[in-house]
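Student: For reference, the structure I am asking about is given below.
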Amino acid sequence: MAGKKNSAGGTMPDTKNENKKFPLLPLRDVIIFPHMVVPLFVGREKSIAALEEAAKKDNELFLVTQKDASVLNPELEDVFTVGTVVNIIQMLRLPDNTVKVLIEGKYRATLEEFHATSSGYWADVKKCSVEVEDEVNLEATMRSIKNVFEQYVKLNKRIPPELLMSISSITDPSRLADIIVAHLSMKILEKQEILEAIDVEKRLALLLEKMQGEIEIINVERRIRTRIKTQMERSQKEYYLNEQMNAIQKELGQKDDGKSEIQEMEEKLASKNMPEEAKEKTEKEIKKLKSMSPMSAEAAVVRNYIDWMLNLPWYEYTEDNNSVTHAREVLDSDHYGMNDVKDRIVEYLAVRSLVGNEGKGTILCMAGPPGVGKTSIAKSLAESLGRKFQRISLGGVRDESEIRGHRRTYVGAMPGKIVNALKKAGTSNPVILLDEIDKMTSDQRGDPASAMLEVLDPEQNKNFSDHYIEVEYDLSKVMFIMTANDLSRVSGPLRDRMEIIQVSGYTPTEKLQIGKKYLLKKAVKYNGLTDYKVNLSDNVMMDIIRAYSREAGVREFERLLNTVCRKLATEVVQKEYEAGRKFTVTAKQLSKYLGPKKFDGTDIEIEPQVGLVNGLAWTSVGGELLNIEVVTIPGKGAIQITGKLGDVMTESAKAALSYVRSIAARVGISYEWFEKNDIHIHVPDGSTPKDGPSAGVTMVTALVSAICGIAVRQDVAMTGEVTIRGRVLPIGGLKEKLLAAKQAGVTTIICPEKNKKDLPEIPNEIKQGLEIHCATHVEDVLKIALDLQNPEQFMEHVSVIQSIDGSKATAIEVAN
């Protein structure tokens, strides 16, 4: 094949030059300039044949570069039209049949004709030469090139400095351009462009432009390296190499094929369904992260914030199961009793099925003693609704930031417990249990109870703002369930936002049913006795309840059942019983497994006592029998109150004493008696703090008994607040108090008349065997509690008055 092509560069070739025929060697990915001395490795058969033909003649060869290096047998259109005629200095055949040849470039030449034969390539070429027209301009260009190349050598450490000495002595402009371009890091097309620049002035101008561009690139590289080096720690050299590559790509506007962390964030943000405000905030933070060093402390803070924003379930909701029947089945299968709680949950589901998602969030608070199932029923509630469940323990929380999050200016800042629970749940409508809300405290860091006001207000929590995420979050679809033992420790505004459900302690019969249906099965499974038959009769379980535990809940009962099962498990292992053996625990074996009985059913005195009265108290763990003791001692009228009483109970004692002094004449006591005797009021046990007004009637009864010397019936227990005019005011926790009285062996109860409305709600099991009296005035209490022969005539006509020294004075009659 043959062809013709005009010489490149638009120059006027020397007409004296005639075409010469040379063997042609096509080059791949390399360009040879005149005056270059370089080794080449030749492997193609036709190329080796061209070398051999050149060696037979004058060792001259024409080198031209292929346009596409992948072409194995190039044609005329596959090579450039301008190449270099070279002289072969040395040629060596290697063992792998390739040839190493050392060549020296002589001059440029244009390809006139191209011949491809089976034995190799031949070319008719014409030498390129031009005349210099403006020598002054050419000299100035040469000086500029030498100066710029000197700068390039200083920046590029790969070029030996000795080259500058040889460059400075070159006076031929064409030679100068060809030697310099050979040492520049340029692309093949750029070098070919310079090779085809036949006109020397044009070639020098093009070279100057290319060198200045290379210097600019090197300066950019140096700036990148300097900036990165100042941001990296010495211990992170490995990371430095990767970062340098990323920074270079950033300067050149290039991107790698793999996805970066920021790209993943942007893609996740684009697909995330979230409020516009939150999306704009996240976009702003991602832009900020792009301009930061990944190893800086602030970048870690921003990255953590973006992760939180992208992982929060902004508009993600689970579908509710509003089936009332299903909810009741789930609740009944997991819990016995607790009908108030179950009824409220069923009501909630009924309303949800009618109004759909338009209803407000529900905020319930279950208040009651420990161990009655408040926490576990909240989990069953979430299961019945088909919602995710998250529990937040508020016991000991004293920092407002625990609820509302920390501001991002602080080191280690993170969102509050509410937002954290939503992220863990993965939905925006979970059931969140705020456990032990009455155990929150406050200090100088803020009051977390006040922060809960916004969380638990259905009118406000749709715009809940966490200090960390800094955008509003809708909590209106969240169902908040709270538990508390003592509501008196919860602030008024917070109580006002809750729907309070009182969860009372269990009666012995209820505990028996819970033990049979749930606790015994759980204990058998927990202690590895599922392959054996463990049987506890109702009487045995009732003995455990009455004789070994005294609590409102069932935690101690459960521990005792586990103790029995552990004893049985020990026997199984020691005596190697086979599976299927039946164990029946009798009442006699209880003392073997649990030790002697702790309670015998009576905690009261048998005979009437002077100055000793059985009161009833309510605590966060249930009801208790509270003894009030009063003694009188000859003295100077001092009053002493002991027993670690709180302010309210101390004031109640003073009010009781004031009332007793006001009725002294009616009970046969001289007013002067109080000036000559000391009174000591004590409430055992002394190490337990006590407070509250409900022991008022108990203190009045104890004072009257001690001062008048009249015994008090010990089968009577009482409760009620008293005024200084003797009126009996209502109290709370009546069910727990009656249960404690019955367990202690009391048979007669005195309570305020205004608590009579609460009696129908108390189970008959508790009221059975109790004689309950409702009193409106302390006089009614005294007539029942004091061991009097004629109770109806007490305080009506008194015939004896004690004198100052305590002896009986002349009988007088005191009218009512």
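The values are calculated or read from the model by the stated rules, or taken from the named source; none is laboratory data. What you are looking at is a predicted structure, and each value in this text was computed from that prediction instead of being measured. Heads up, the Cβs are rebuilt from the backbone with ideal geometry, glycines too, and the neighbour counts pull from every protein chain shown. Remember, those area values only see protein heavy atoms, side chains included, never the ligands or the DNA or RNA. Shrake-Rupley method; radii C 1.70, N 1.55, O 1.52, S 1.80 Å.
Student: From the list Val722, Val728, Val660, Val683, which residue is modelled with pLDDT of 90 or more, farther than 23 Å from Glu624 by Cα and aliphatic (A, V, I, L, M)? Explain how you work it out, then say what you get.
Tutor: Numbers: Val722 fails: farther than 23 Å from Glu624 by Cα; Val728 fails: farther than 23 Å from Glu624 by Cα; Val683 fails: farther than 23 Å from Glu624 by Cα.
None of the other options fit; the residue is Val660.
Student: Here is a further query. Tell me the residue from Lys100, Lys57 that is under 25 Å from Ser185 (Cα atoms), out of contact with any Cys (no Cβ under 7 Å at 6 or more places or on another chain), open to solvent by 40 Å² or more (accessible area, probe 1.4 Å) and of a type outside the set (S, T, N, Q), please.
Tutor: Lys100
Student: Can you report the number of residues in the range 168-193 which are assigned to a helix (DSSP H, G or I), among the polar types (S, T, N, Q) and surrounded by fewer than 19 Cβ atoms within 10 Å (Cβ to Cβ)?
Tutor: 1
Student: Hey, another quick one. In the range 287-316, how many are part of a loop (DSSP other than H, G, I, E, B) and either open to solvent by 60 Å² or more (accessible area, probe 1.4 Å) or on the phi > 0 side of the Ramachandran plot (or both)? It would help to see each step written out before you state the result.
Tutor: Within the range 287-316, the subset part of a loop (DSSP other than H, G, I, E, B) is 291-296, 312-316.
Then drop every residue that is not either open to solvent by 60 Å² or more (accessible area, probe 1.4 Å) or on the phi > 0 side of the Ramachandran plot (or both), which leaves 291, 295, 315-316.
Total satisfying the criteria: 4.
Student: Among the residues of the range 552-579, how many are among the small types (Gly, Ala, Ser) and assigned to a helix (DSSP H, G or I)?
Tutor: The total comes to 1.
Student: Let me ask something additional. Restricting to the range 187-206, give me the number of residues that are under 60 Å from the mean Cα position of the chain (by Cα) and without any contact (Cβ under 8 Å) to a residue 40 or more places away in the chain.
Tutor: Residues flagged as under 60 Å from the mean Cα position of the chain (by Cα) and without any contact (Cβ under 8 Å) to a residue 40 or more places away in the chain within the range 187-206 amount to 3.
Student: Which ones in the range 477-488 are under 25 Å from the mean Cα position of the chain (by Cα) and open to solvent by 50 Å² or more (accessible area, probe 1.4 Å)?
Tutor: Answer for the range 477-488, where residues must be under 25 Å from the mean Cα position of the chain (by Cα) and open to solvent by 50 Å² or more (accessible area, probe 1.4 Å): just Lys477.
Student: Give me a count of the residues in the range 743-800 that are of a type in the set (Gly, Ala, Ser), open to solvent by less than 40 Å² (accessible area, probe 1.4 Å) and modelled with pLDDT under 90.
Tutor: 2
Student: Continuing with the same structure: Go through the range 651-685 residue by residue and tally those that are crowded, with 16+ Cβ neighbours inside 10 Å, under 60 Å from the mean Cα position of the chain (by Cα) and in a loop (DSSP other than H, G, I, E, B).
Tutor: Here the count works out to 1.
Student: Tell me which strands (runs of 3 or more DSSP E) are completely within the range 443-551 and hold 3 or more residues being closer than 30 Å to Ala579 by Cβ, or say none if there are none.
Tutor: 533-536
Student: Looking at Thr632 and the list (1) open to solvent by 10 Å² or more (accessible area, probe 1.4 Å); (2) in a helix (DSSP H, G or I); (3) β-branched (Val, Ile, Thr), which single condition is not satisfied?
Tutor: Against the list (1) open to solvent by 10 Å² or more (accessible area, probe 1.4 Å); (2) in a helix (DSSP H, G or I); (3) β-branched (Val, Ile, Thr), Thr632 comes up short only on (2).
Student: Now for a different question. Residues of the range 489-531 being more than 29 Å from the chain's Cα centre (by Cα), in contact (Cβ under 8 Å) with a residue 12 or more places away in the chain and under 30 Å from Leu422 (Cα atoms), which ones?
Tutor: Once the filter is applied, which keeps residues that are more than 29 Å from the chain's Cα centre (by Cα), in contact (Cβ under 8 Å) with a residue 12 or more places away in the chain and under 30 Å from Leu422 (Cα atoms), the range 489-531 yields Ile501, Gln502, Val503.
Student: Something else now. Quick one: what pairs do we get from the range 282-297, first residue closer than 16 Å to Ile469 by Cβ, second open to solvent by 40 Å² or more (accessible area, probe 1.4 Å) and among the polar types (S, T, N, Q), C-beta under 8 Å, 6+ apart or different chains?
Tutor: From residues that are closer than 16 Å to Ile469 by Cβ, there are no pairs.
Student: Sticking with this one: Give just the number: which of (1) crowded, with 20+ Cβ neighbours inside 10 Å; (2) of a type outside the set (A, V, I, L, M); (3) under 17 Å from Ala775 (Cα atoms) does Glu736 not satisfy?
Tutor: Going through the list (1) crowded, with 20+ Cβ neighbours inside 10 Å; (2) of a type outside the set (A, V, I, L, M); (3) under 17 Å from Ala775 (Cα atoms), Glu736 breaks only (3).
Student: Okay, moving on. Restricting to the range 636-647, name every residue that is surrounded by 15 or more Cβ atoms within 10 Å (Cβ to Cβ) and at negative phi.
Tutor: Those that are surrounded by 15 or more Cβ atoms within 10 Å (Cβ to Cβ) and at negative phi: Ile641, Leu645.
Student: Can you pull out the residues in the range 350-383 that are at pLDDT below 80 and among the hydrophobic types (A, V, I, L, M, F, W, C)?
Tutor: Correct list: Val355 only.
Student: Could you check how many residues of the range 686-706 are polar (S, T, N, Q) and open to solvent by 20 Å² or more (accessible area, probe 1.4 Å)?
Tutor: Looking only at that region, the number is 3.
Student: Just to confirm my filter: which helices (runs of 4 or more DSSP H) fall fully inside the range 351-442 and include at least 1 residues that are open to solvent by 30 Å² or more (accessible area, probe 1.4 Å) and under 23 Å from His326 (Cβ atoms)? Step through it out loud before you land on a result.
Tutor: Values: elements: 374-385, 401-404, 417-425.
It comes to 374-385.
Student: Which ones in the range 132-167 are surrounded by 11 or more Cβ atoms within 10 Å (Cβ to Cβ) and of a type in the set (Gly, Ala, Ser)?
Tutor: Of everything in the range 132-167, those that are surrounded by 11 or more Cβ atoms within 10 Å (Cβ to Cβ) and of a type in the set (Gly, Ala, Ser) turn out to be Ala140, Ser144.
Student: While we're on this one: Do you know which residues across the range 534-581 are β-branched (Val, Ile, Thr) and either open to solvent by 50 Å² or more (accessible area, probe 1.4 Å) or within 13 Å of Lys511 (Cα to Cα) (or both)?
Tutor: Residues satisfying the conditions are Val540, Ile544, Ile545, Val554, Thr570, Val573.
Student: Against the condition open to solvent by less than 70 Å² (accessible area, probe 1.4 Å), at pLDDT 90 or above and either farther than 30 Å from Asn764 by Cβ or not β-branched (Val, Ile, Thr) (or both), how does Gly528 come out, does it pass?
Tutor: Yes.
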